[in-house]
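The block underneath contains the structure these notes are about, expressed in C-alpha coordinates.
The values are calculated or read from the model by the stated rules, or taken from the named source; none is laboratory data. Quick caveat, the model's predicted, so the values are computed rather than measured. With ideal geometry, Cβ positions are generated from the backbone for all residues, glycine too; neighbour counts draw on all protein chains shown. The protein model used for the area step is the full one, side chains on, heavy atoms only, and it has no ligands, DNA or RNA in it. Shrake-Rupley method; radii C 1.70, N 1.55, O 1.52, S 1.80 Å.
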Amino acid sequence: MKQIINHFTDDDLYKFTMCCAVIDNFPRAQVKYSFADRNNAVYPGGFAKELGEQIKMLENLVITEEEIAFMKRKCAYIPHWFYNYLKGYRFNHEWVKAWQDDSGHLHLEIEGSWADTILLEVKVLAIISELYYRMTGQAESLNYTDYYEKSIGKVTRLLDAGCAFSDFGTRRRASFEAEDTVVRAMKACYASRKWKGQFVGTSNVYLAMKHDLTPVGTMAHEFICAIGGMYGPQMANHIAMNSWRNTFRGALGTYLYDSFGWNIFNLNFSEDFANLFKGLRIDSGDNREQLQRIVEKYHSLGIDPKTKQVVFSNALDTDRAIEIQQYAQKYCQPSFGIGTHFTNDFVGIDPLNIVIKLVAAKITETWTFYNDTCKLSEDDGKHTGNPEVIARFMDALHMKR
(Lines give C-alpha, C1' and ligand atoms only; values in the text may rest on other atoms or scores of the structure.)
Protein backbone atom coordinates (compact mmCIF):
# COMPACT_ATOMS: atom_id res chain seq x y z
CA MET A 1 0.00 0.00 0.00
CA LYS A 2 1.13 3.56 -0.76
CA GLN A 3 3.29 5.13 1.95
CA ILE A 4 1.26 7.48 4.17
CA ILE A 5 3.97 9.53 5.94
CA ASN A 6 6.41 10.85 3.33
CA HIS A 7 8.16 13.70 5.14
CA PHE A 8 10.23 13.64 8.32
CA THR A 9 8.62 16.85 9.61
CA ASP A 10 5.06 15.71 8.87
CA ASP A 11 4.65 15.84 12.63
CA ASP A 12 3.61 18.20 15.42
CA LEU A 13 6.17 20.79 16.47
CA TYR A 14 5.88 19.81 20.12
CA LYS A 15 7.29 16.37 19.39
CA PHE A 16 10.51 18.03 18.25
CA THR A 17 10.65 20.55 21.09
CA MET A 18 10.00 17.83 23.66
CA CYS A 19 12.60 15.59 22.03
CA CYS A 20 15.12 18.41 22.36
CA ALA A 21 14.24 18.93 26.03
CA VAL A 22 14.41 15.18 26.70
CA ILE A 23 17.93 14.89 25.28
CA ASP A 24 18.98 17.99 27.22
CA ASN A 25 17.54 16.89 30.57
CA PHE A 26 16.80 13.14 30.50
CA PRO A 27 19.15 11.69 27.87
CA ARG A 28 19.14 8.13 29.21
CA ALA A 29 15.45 7.81 30.03
CA GLN A 30 13.55 4.79 28.70
CA VAL A 31 9.77 4.74 28.19
CA LYS A 32 6.76 2.67 27.22
CA TYR A 33 3.69 3.86 25.33
CA SER A 34 0.32 2.18 24.85
CA PHE A 35 -2.39 2.71 22.20
CA ALA A 36 -6.06 3.08 23.13
CA ASP A 37 -9.16 3.34 20.96
CA ARG A 38 -11.67 5.07 23.23
CA ASN A 39 -14.58 3.90 21.07
CA ASN A 40 -13.32 0.31 21.00
CA ALA A 41 -13.54 0.25 17.20
CA VAL A 42 -13.20 -2.97 15.24
CA TYR A 43 -10.50 -2.69 12.57
CA PRO A 44 -10.53 -4.50 9.21
CA GLY A 45 -8.85 -7.88 8.97
CA GLY A 46 -5.14 -7.55 8.29
CA PHE A 47 -5.03 -3.99 9.59
CA ALA A 48 -2.21 -4.61 12.06
CA LYS A 49 -0.10 -6.19 9.31
CA GLU A 50 -0.61 -3.21 6.99
CA LEU A 51 0.12 -0.86 9.89
CA GLY A 52 3.38 -2.71 10.51
CA GLU A 53 4.36 -2.20 6.88
CA GLN A 54 3.65 1.52 7.13
CA ILE A 55 5.73 1.79 10.30
CA LYS A 56 8.58 -0.04 8.57
CA MET A 57 8.38 2.52 5.74
CA LEU A 58 9.19 5.24 8.29
CA GLU A 59 12.75 3.88 8.29
CA ASN A 60 13.19 5.50 4.85
CA LEU A 61 12.54 9.00 6.22
CA VAL A 62 15.42 11.41 6.79
CA ILE A 63 15.23 15.09 7.55
CA THR A 64 16.15 17.24 4.56
CA GLU A 65 18.32 20.34 4.45
CA GLU A 66 15.23 22.29 3.39
CA GLU A 67 13.37 21.18 6.51
CA ILE A 68 16.33 22.04 8.74
CA ALA A 69 16.73 25.47 7.16
CA PHE A 70 13.02 26.18 7.66
CA MET A 71 13.09 25.14 11.31
CA LYS A 72 16.21 27.23 11.96
CA ARG A 73 14.46 30.23 10.43
CA LYS A 74 11.11 29.79 12.16
CA CYS A 75 12.13 28.09 15.42
CA ALA A 76 15.06 30.16 16.66
CA TYR A 77 14.52 28.86 20.20
CA ILE A 78 15.69 25.35 19.21
CA PRO A 79 19.46 25.00 19.80
CA HIS A 80 21.40 24.12 16.66
CA TRP A 81 22.98 20.99 18.17
CA PHE A 82 19.56 19.39 17.98
CA TYR A 83 19.61 19.41 14.18
CA ASN A 84 22.76 17.30 14.17
CA TYR A 85 20.82 14.75 16.20
CA LEU A 86 17.92 14.85 13.73
CA LYS A 87 20.28 14.39 10.77
CA GLY A 88 21.40 11.08 12.23
CA TYR A 89 17.98 10.00 13.45
CA ARG A 90 16.45 6.86 11.92
CA PHE A 91 13.17 5.20 12.83
CA ASN A 92 13.26 1.53 13.81
CA HIS A 93 10.16 -0.60 13.37
CA GLU A 94 11.33 -2.89 16.18
CA TRP A 95 10.39 -0.17 18.70
CA VAL A 96 6.72 -0.86 17.86
CA LYS A 97 4.56 -3.95 18.30
CA ALA A 98 1.04 -3.98 16.81
CA TRP A 99 -1.54 -6.75 16.69
CA GLN A 100 -5.28 -7.42 16.54
CA ASP A 101 -7.24 -9.66 18.87
CA ASP A 102 -9.83 -12.17 17.73
CA SER A 103 -12.51 -9.46 17.75
CA GLY A 104 -10.51 -7.18 15.46
CA HIS A 105 -9.56 -4.63 18.11
CA LEU A 106 -6.19 -2.99 17.60
CA HIS A 107 -3.39 -3.13 20.17
CA LEU A 108 -0.08 -1.31 19.94
CA GLU A 109 2.89 -0.81 22.24
CA ILE A 110 6.07 1.24 21.87
CA GLU A 111 9.20 0.82 23.98
CA GLY A 112 12.71 2.27 23.84
CA SER A 113 14.83 5.32 24.50
CA TRP A 114 12.61 8.32 25.16
CA ALA A 115 14.67 10.49 22.82
CA ASP A 116 14.07 7.99 19.99
CA THR A 117 10.51 6.83 20.51
CA ILE A 118 9.09 10.29 21.22
CA LEU A 119 8.95 10.96 17.47
CA LEU A 120 6.63 8.02 16.77
CA GLU A 121 3.33 8.92 18.47
CA VAL A 122 1.85 11.50 16.11
CA LYS A 123 3.07 9.78 12.96
CA VAL A 124 1.67 6.41 14.05
CA LEU A 125 -1.71 7.91 14.98
CA ALA A 126 -1.91 9.72 11.63
CA ILE A 127 -1.07 6.44 9.88
CA ILE A 128 -3.74 4.52 11.81
CA SER A 129 -6.40 7.11 10.99
CA GLU A 130 -5.66 7.37 7.27
CA LEU A 131 -5.09 3.63 6.89
CA TYR A 132 -8.44 2.90 8.52
CA TYR A 133 -10.31 5.00 5.98
CA ARG A 134 -8.35 3.46 3.12
CA MET A 135 -8.99 -0.12 4.22
CA THR A 136 -12.67 0.47 4.95
CA GLY A 137 -13.16 2.16 1.56
CA GLN A 138 -14.28 5.44 3.13
CA ALA A 139 -11.30 7.34 1.72
CA GLU A 140 -12.90 7.18 -1.72
CA SER A 141 -15.80 9.34 -0.52
CA LEU A 142 -13.65 12.23 0.74
CA ASN A 143 -14.44 15.31 -1.36
CA TYR A 144 -11.60 17.78 -0.88
CA THR A 145 -13.12 20.49 -3.06
CA ASP A 146 -16.19 20.65 -0.82
CA TYR A 147 -13.99 20.35 2.25
CA TYR A 148 -11.99 23.41 1.22
CA GLU A 149 -15.17 25.47 1.05
CA LYS A 150 -16.39 24.06 4.36
CA SER A 151 -13.07 25.02 5.94
CA ILE A 152 -13.32 28.55 4.54
CA GLY A 153 -16.68 28.86 6.28
CA LYS A 154 -15.25 27.81 9.65
CA VAL A 155 -12.25 30.11 9.33
CA THR A 156 -14.40 33.07 8.32
CA ARG A 157 -16.57 32.66 11.43
CA LEU A 158 -13.55 32.37 13.74
CA LEU A 159 -11.82 35.41 12.24
CA ASP A 160 -15.00 37.49 12.32
CA ALA A 161 -15.39 36.64 16.01
CA GLY A 162 -11.87 37.83 16.80
CA CYS A 163 -10.44 34.38 17.58
CA ALA A 164 -6.71 33.71 17.36
CA PHE A 165 -6.41 30.05 16.38
CA SER A 166 -4.12 27.33 15.03
CA ASP A 167 -4.50 23.94 13.37
CA PHE A 168 -3.75 21.13 15.86
CA GLY A 169 -5.19 18.33 13.73
CA THR A 170 -2.37 16.06 12.55
CA ARG A 171 -2.88 13.02 14.77
CA ARG A 172 -6.51 12.21 13.93
CA ARG A 173 -6.77 13.70 10.46
CA ALA A 174 -8.71 11.85 7.79
CA SER A 175 -5.65 12.03 5.55
CA PHE A 176 -2.60 14.14 4.81
CA GLU A 177 -4.56 15.73 1.97
CA ALA A 178 -7.34 16.67 4.38
CA GLU A 179 -4.99 18.61 6.65
CA ASP A 180 -3.20 20.15 3.68
CA THR A 181 -6.58 21.29 2.32
CA VAL A 182 -7.55 22.87 5.64
CA VAL A 183 -4.25 24.71 6.09
CA ARG A 184 -4.42 25.97 2.51
CA ALA A 185 -7.95 27.27 3.12
CA MET A 186 -6.91 28.95 6.37
CA LYS A 187 -4.03 30.78 4.77
CA ALA A 188 -6.08 31.90 1.76
CA CYS A 189 -8.99 33.11 3.88
CA TYR A 190 -6.77 34.99 6.33
CA ALA A 191 -4.88 36.68 3.47
CA SER A 192 -8.09 37.74 1.70
CA ARG A 193 -8.68 40.85 3.85
CA LYS A 194 -8.11 42.34 7.30
CA TRP A 195 -9.83 40.51 10.12
CA LYS A 196 -10.61 41.01 13.76
CA GLY A 197 -9.07 37.60 14.55
CA GLN A 198 -5.82 35.89 13.59
CA PHE A 199 -4.81 32.63 11.96
CA VAL A 200 -1.60 31.89 13.90
CA GLY A 201 -0.30 28.79 12.13
CA THR A 202 -0.26 25.00 12.24
CA SER A 203 1.28 22.47 14.59
CA ASN A 204 2.41 20.44 11.56
CA VAL A 205 5.99 21.46 10.76
CA TYR A 206 6.00 20.17 7.17
CA LEU A 207 2.74 21.92 6.28
CA ALA A 208 4.02 25.11 7.92
CA MET A 209 7.04 24.89 5.63
CA LYS A 210 4.96 24.08 2.55
CA HIS A 211 2.65 27.05 3.10
CA ASP A 212 5.23 29.41 4.68
CA LEU A 213 3.47 29.60 8.02
CA THR A 214 4.55 29.60 11.65
CA PRO A 215 4.77 26.14 13.26
CA VAL A 216 3.13 26.29 16.70
CA GLY A 217 3.19 24.17 19.85
CA THR A 218 5.17 23.64 23.04
CA MET A 219 4.68 20.39 24.98
CA ALA A 220 2.30 17.47 25.52
CA HIS A 221 1.19 15.65 28.65
CA GLU A 222 3.79 12.96 28.10
CA PHE A 223 6.61 15.30 29.17
CA ILE A 224 5.09 15.83 32.62
CA CYS A 225 3.70 12.29 32.91
CA ALA A 226 7.08 10.68 32.26
CA ILE A 227 8.68 12.90 34.87
CA GLY A 228 5.87 11.96 37.25
CA GLY A 229 6.64 8.30 36.66
CA MET A 230 10.35 8.75 37.29
CA TYR A 231 10.22 11.18 40.22
CA GLY A 232 6.63 11.19 41.48
CA PRO A 233 3.60 13.39 40.68
CA GLN A 234 4.05 15.77 43.60
CA MET A 235 6.96 17.65 41.99
CA ALA A 236 6.50 16.62 38.36
CA ASN A 237 5.25 20.04 37.24
CA HIS A 238 8.09 21.81 39.05
CA ILE A 239 10.72 19.56 37.47
CA ALA A 240 9.08 19.86 34.04
CA MET A 241 8.94 23.67 34.16
CA ASN A 242 12.53 23.84 35.40
CA SER A 243 13.70 21.48 32.65
CA TRP A 244 11.82 23.49 30.02
CA ARG A 245 13.46 26.66 31.30
CA ASN A 246 16.85 24.97 31.21
CA THR A 247 16.48 24.10 27.52
CA PHE A 248 14.51 27.00 26.04
CA ARG A 249 15.49 29.90 28.35
CA GLY A 250 12.04 31.44 28.51
CA ALA A 251 10.95 30.75 24.93
CA LEU A 252 8.04 28.40 24.16
CA GLY A 253 6.32 29.72 27.25
CA THR A 254 2.87 28.12 27.17
CA TYR A 255 2.65 25.47 29.88
CA LEU A 256 0.25 22.51 29.81
CA TYR A 257 -0.77 22.24 33.44
CA ASP A 258 -3.39 19.50 33.79
CA SER A 259 -1.37 16.26 33.70
CA PHE A 260 -2.01 15.63 37.41
CA GLY A 261 -4.85 18.05 38.05
CA TRP A 262 -5.06 21.71 38.98
CA ASN A 263 -4.41 21.47 42.71
CA ILE A 264 -0.86 20.09 42.60
CA PHE A 265 0.01 22.38 39.69
CA ASN A 266 -1.26 25.33 41.70
CA LEU A 267 1.20 24.44 44.48
CA ASN A 268 4.08 24.10 41.99
CA PHE A 269 3.30 27.29 40.03
CA SER A 270 5.35 29.82 41.95
CA GLU A 271 5.80 33.47 41.01
CA ASP A 272 9.05 32.89 39.13
CA PHE A 273 7.38 30.34 36.84
CA ALA A 274 4.26 32.51 36.48
CA ASN A 275 6.42 35.39 35.26
CA LEU A 276 8.60 33.16 33.06
CA PHE A 277 5.83 31.35 31.18
CA LYS A 278 3.73 33.59 28.96
CA GLY A 279 0.61 31.56 29.60
CA LEU A 280 -1.16 28.26 30.22
CA ARG A 281 -3.06 25.72 28.12
CA ILE A 282 -6.47 24.38 29.14
CA ASP A 283 -6.93 20.86 27.77
CA SER A 284 -9.51 19.36 30.16
CA GLY A 285 -12.25 20.38 32.57
CA ASP A 286 -14.89 23.08 32.27
CA ASN A 287 -13.35 25.94 30.33
CA ARG A 288 -14.95 28.71 32.39
CA GLU A 289 -14.04 27.08 35.69
CA GLN A 290 -10.46 26.44 34.61
CA LEU A 291 -10.08 30.00 33.36
CA GLN A 292 -11.31 31.44 36.65
CA ARG A 293 -8.79 29.32 38.53
CA ILE A 294 -6.03 30.67 36.29
CA VAL A 295 -7.19 34.26 36.70
CA GLU A 296 -7.34 33.91 40.48
CA LYS A 297 -3.88 32.34 40.56
CA TYR A 298 -2.34 35.21 38.59
CA HIS A 299 -4.08 37.76 40.80
CA SER A 300 -2.74 36.02 43.91
CA LEU A 301 0.78 36.47 42.54
CA GLY A 302 0.27 40.15 41.70
CA ILE A 303 0.19 39.47 37.95
CA ASP A 304 -2.43 40.95 35.63
CA PRO A 305 -3.99 37.96 33.80
CA LYS A 306 -4.75 40.20 30.83
CA THR A 307 -1.01 40.16 30.11
CA LYS A 308 -1.08 36.35 29.88
CA GLN A 309 -2.12 34.01 27.09
CA VAL A 310 -4.52 31.14 27.75
CA VAL A 311 -4.67 28.51 25.01
CA PHE A 312 -7.89 26.50 24.86
CA SER A 313 -7.58 23.07 23.20
CA ASN A 314 -10.15 20.82 24.85
CA ALA A 315 -12.18 19.13 22.08
CA LEU A 316 -13.03 22.42 20.41
CA ASP A 317 -15.17 23.19 17.40
CA THR A 318 -16.01 26.53 15.80
CA ASP A 319 -19.05 27.23 17.98
CA ARG A 320 -17.25 26.42 21.24
CA ALA A 321 -14.23 28.53 20.33
CA ILE A 322 -16.40 31.55 19.54
CA GLU A 323 -18.36 31.12 22.77
CA ILE A 324 -15.13 30.93 24.80
CA GLN A 325 -13.70 33.96 22.98
CA GLN A 326 -16.68 36.08 23.97
CA TYR A 327 -16.12 35.66 27.71
CA ALA A 328 -12.38 34.85 27.92
CA GLN A 329 -11.26 38.06 26.20
CA LYS A 330 -12.37 39.96 29.31
CA TYR A 331 -9.84 38.10 31.46
CA CYS A 332 -6.82 37.11 29.36
CA GLN A 333 -5.39 36.83 25.85
CA PRO A 334 -7.30 33.76 24.56
CA SER A 335 -6.18 31.59 21.68
CA PHE A 336 -7.36 28.25 20.35
CA GLY A 337 -5.78 25.02 19.18
CA ILE A 338 -8.38 23.12 17.16
CA GLY A 339 -7.73 19.59 15.91
CA THR A 340 -10.14 16.96 14.64
CA HIS A 341 -12.88 19.52 13.94
CA PHE A 342 -10.56 21.01 11.33
CA THR A 343 -8.99 17.90 9.81
CA ASN A 344 -11.64 15.17 10.07
CA ASP A 345 -15.10 16.68 9.74
CA PHE A 346 -16.34 15.07 6.52
CA VAL A 347 -20.01 14.27 6.03
CA GLY A 348 -20.68 10.61 6.79
CA ILE A 349 -17.22 9.99 8.28
CA ASP A 350 -16.79 9.27 11.99
CA PRO A 351 -13.36 10.33 13.32
CA LEU A 352 -11.45 7.69 15.24
CA ASN A 353 -11.09 8.49 18.94
CA ILE A 354 -7.55 7.20 19.35
CA VAL A 355 -4.59 8.07 21.55
CA ILE A 356 -1.10 6.82 22.32
CA LYS A 357 -0.16 7.54 25.92
CA LEU A 358 3.13 7.22 27.76
CA VAL A 359 2.46 4.65 30.49
CA ALA A 360 5.85 3.91 32.12
CA ALA A 361 9.33 5.36 32.41
CA LYS A 362 12.71 4.70 33.97
CA ILE A 363 15.54 7.14 34.51
CA THR A 364 18.28 5.12 32.76
CA GLU A 365 18.62 1.99 30.69
CA THR A 366 20.48 0.31 33.58
CA TRP A 367 17.38 0.20 35.77
CA THR A 368 15.84 -3.26 35.87
CA PHE A 369 12.29 -1.95 36.26
CA TYR A 370 9.95 0.72 34.93
CA ASN A 371 7.82 3.04 37.04
CA ASP A 372 4.21 3.27 35.86
CA THR A 373 2.59 6.63 35.26
CA CYS A 374 -0.82 8.00 34.28
CA LYS A 375 -2.71 11.20 33.47
CA LEU A 376 -5.21 12.69 35.92
CA SER A 377 -7.64 14.72 33.84
CA GLU A 378 -9.70 17.67 35.05
CA ASP A 379 -12.64 15.90 33.36
CA ASP A 380 -14.39 13.57 35.82
CA GLY A 381 -13.96 9.92 34.91
CA LYS A 382 -11.47 10.58 32.11
CA HIS A 383 -8.21 9.73 33.83
CA THR A 384 -5.88 7.76 31.56
CA GLY A 385 -3.84 4.75 32.64
CA ASN A 386 -3.99 1.55 34.64
CA PRO A 387 -6.72 1.91 37.32
CA GLU A 388 -4.33 0.78 40.06
CA VAL A 389 -1.74 3.36 39.00
CA ILE A 390 -4.40 6.08 38.84
CA ALA A 391 -5.51 5.21 42.37
CA ARG A 392 -1.92 5.29 43.64
CA PHE A 393 -1.22 8.67 42.07
CA MET A 394 -4.48 10.12 43.38
CA ASP A 395 -3.63 8.93 46.86
CA ALA A 396 -0.16 10.44 46.60
CA LEU A 397 -1.74 13.79 45.70
CA HIS A 398 -4.52 13.51 48.33
CA MET A 399 -7.19 13.59 45.61
CA LYS A 400 -10.68 12.29 46.31
CA ARG A 401 -11.54 8.99 44.62
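Data table
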| item | result |
| --- | --- |
| Dipole magnitude of the stretch 163-210, debye to nearest 20 (Cβ charges: Lys/Arg +1, Asp/Glu -1, about Cα centre) | 200 debye |
| ASP319-GLU177 FRET efficiency (beta carbon distance; Förster radius 25 Å; 0.05 resolution) | 0.45 |
| Packing-based ranking, highest mean first, of 264-270, 180-186 given that Cβ atoms within 10 Å are counted | 180-186, 264-270 |
| Positive-end extreme of charge dipole, the stretch 253-401 - chosen from GLY279, PRO351, MET399 (charges on Cβ) | GLY279 |
| Built amide H within the under 5 Å cut-off of ASN371, gap 5+ | ALA361, LYS362 |
| Full-extension gain in nm, HIS93 to ASN266, via 0.36 nm per residue minus C-alpha separation | 58.3 nm |
| The stretch 288-377: chymotrypsin sites (Phe, Trp or Tyr not before Pro) in DSSP coil with no more than 10 other Cβ atoms inside 10 Å | PHE369 |
| Listed candidates (1) 147, 62, 44; (2) 75, 58, 32; (3) 60, 57, 43 - label of the one calculated as Cα extents along the principal axes in Å | (3) |
| Loop-resident sites, the stretch 287-336, for trypsin sites (Lys or Arg not before Pro), counting at most 13 other Cβ within 10 Å (DSSP) | LYS330 |
| Separation in nanometres of the label points that stand 7 Å from Cα toward Cβ, at ILE349 and LEU301 | 4.1 nm |
| Those trypsin sites (Lys or Arg not before Pro) in the stretch 56-95 that DSSP places in a loop and that have at most 16 other beta carbons within 10 Å | ARG90 |
| Estimated 222 nm signal from helices in the chain, with DSSP H stretches of n ≥ 4 weighted -39500 (n - 2.57), rounded to 500 | -13000 deg cm²/dmol |
| Highest-fluctuation residue, THR366, THR17, THR340 considered, GNM on the chain with Cα pairs under 10 Å | THR366 |
| Computed E for ARG193/ASN6 - FRET, C-beta separation, R0 30 angstrom, nearest 0.05 | 0.30 |
| Percent accessible area from carbon and sulfur atoms, the chain, protein chains only, probe 1.4 Å | 46 percent |
| Within the chain, percent of DSSP bridges classed antiparallel, to nearest 5 | 50 percent |
| Estimated distance in nm for a label pair at GLN326 and HIS80, the labels positioned 7 Å out from Cα along Cα-to-Cβ | 5.1 nm |
| Dipole axis of the stretch 180-253 (+1 Lys, Arg; -1 Asp, Glu on Cβ), positive-most option in ASN246, TYR190, ILE227 | TYR190 |
| Cα-centred dipole magnitude for the chain, charges only on beta-carbon of K, R (+1) and D, E (-1), debye, nearest 20 | 1080 debye |
| Candidates GLY385, GLY88, GLY52: whichever shows maximal mean-square fluctuation once the chain is modelled as a Gaussian network with Cα springs under 10 Å | GLY88 |
| Surface accessible to a 1.4 Å probe, GLU130 within the full protein complex, Å² | 20 Å² |
| Lys, Arg +1 and Asp, Glu -1 on Cβ, resulting dipole of the stretch 144-342 about Cα centre, debye, nearest 20 | 440 debye |
